[in-house]
Amino acid sequence: MTHREDWTVTTHAWTADVDVAHLEDVRAAAPVHAAGGLTHLVLEVLAYAAEEAEAQGRTGRARVVRHSDGSVSVADDGRGTDTRVDASGAPVRKPVMATRDVRFFDRADAPLLADGRPRAGMSTVAALSEVLDHTNRRLEGAWTQRYVHGVPASALDGVAPDGTTGTTVRFRPDADLVADVDLDVTLLAVVAGLDVEVVDER
């Protein structure tokens, strides 16, 4: 076990669980970050699944479901969001929902997603959502946590293993911030490195 301050920053800094100022900045710039509507938010989530599959040298699988309550879930078959144990023995999940992705957020050289808009990171999805549930399953354990506008609203709770690994993100966009809730499935189908299934349960 080591101190969080000593963990290497790759996509997000491990030192804080939430960056409130960053989340507020995203919401204040909602016309920019939500310009691509629901399709763009789903593409932001799928981008992490695609990276995970690429890291494993394979084509990944993801399932996108539109639920009757207006939420959308994106589930992948990767290794599950990186979760470590700190010096006190507590599990710490990489704060992808509540802090900025240091590679992409607010960078002019950010790569473009399938909709032609720049990638900004998963925290933009959380910040623009009324509620978001993030569940990750790894070989060493499984955890879930709820966020409201990107701010953790529950503890990082352990859940029973089910024999699988992967990450599931279920979110409901804030209607006051995300006006376009249509989903362009043709763009989801061309995410490199992923086989994407789309299900509409409404």
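The values are calculated or read from the model by the stated rules, or taken from the named source; none is laboratory data. All figures in this text were calculated on a predicted structure; none of them were measured in a lab. Please note: Cβ atoms are built from the backbone with ideal geometry, for glycine as well, and neighbour counts cover all protein chains shown. All accessible areas refer to the heavy atoms of the entire protein, side chains included, with ligands and DNA or RNA removed. Shrake-Rupley method; radii C 1.70, N 1.55, O 1.52, S 1.80 Å.
Observations
- Residue satisfying all of: in the stretch 88-109; β-branched (V, I, T) and part of a loop (DSSP other than H, G, I, E, B); nearest to V26 (Cα to Cα) among these: T99
- In the stretch 39-63, the residues that are surrounded by fewer than 23 Cβ atoms within 10 Å (Cβ to Cβ), of a type outside the set (S, T, N, Q), touching a residue at least 24 places away in the same chain (Cβ under 8 Å) and not in a helix (DSSP H, G or I): G60, R61, R63
- Residue match in the stretch 75-87 (condition: within 21 Å of V191 (Cβ to Cβ), part of a helix (DSSP H, G or I) and among the aliphatic types (A, V, I, L, M)): no
- P91 free of Cβ contacts under 8 Å to residues at least 60 places away in the same chain, open to solvent by 20 Å² or more (accessible area, probe 1.4 Å) and touching a Phe, Trp or Tyr at 6+ places or on another chain (Cβ under 8 Å): no
- Residue in the stretch 121-137 that is over 26 Å from T2 (Cβ atoms) and surrounded by fewer than 15 Cβ atoms within 10 Å (Cβ to Cβ) present: no
- Selection within the stretch 1-37 - of a type in the set (S, T, Y) and either touching a residue at least 24 places away in the same chain (Cβ under 8 Å) or within 15 Å of T99 (Cα to Cα) (or both): T2, T10, T11, T15
- Any chance R103 is within 15 Å of L43 (Cα to Cα), surrounded by fewer than 19 Cβ atoms within 10 Å (Cβ to Cβ), out of contact with any Leu (no Cβ under 6 Å at 6 or more places or on another chain) and touching a residue at least 24 places away in the same chain (Cβ under 8 Å): no
- Selection of the stretch 157-197 for residues being of a type in the set (A, V, I, L, M) and surrounded by 17 or more Cβ atoms within 10 Å (Cβ to Cβ) yields V169, L177, V178, L183, L187, L188, V191, L194, V196.
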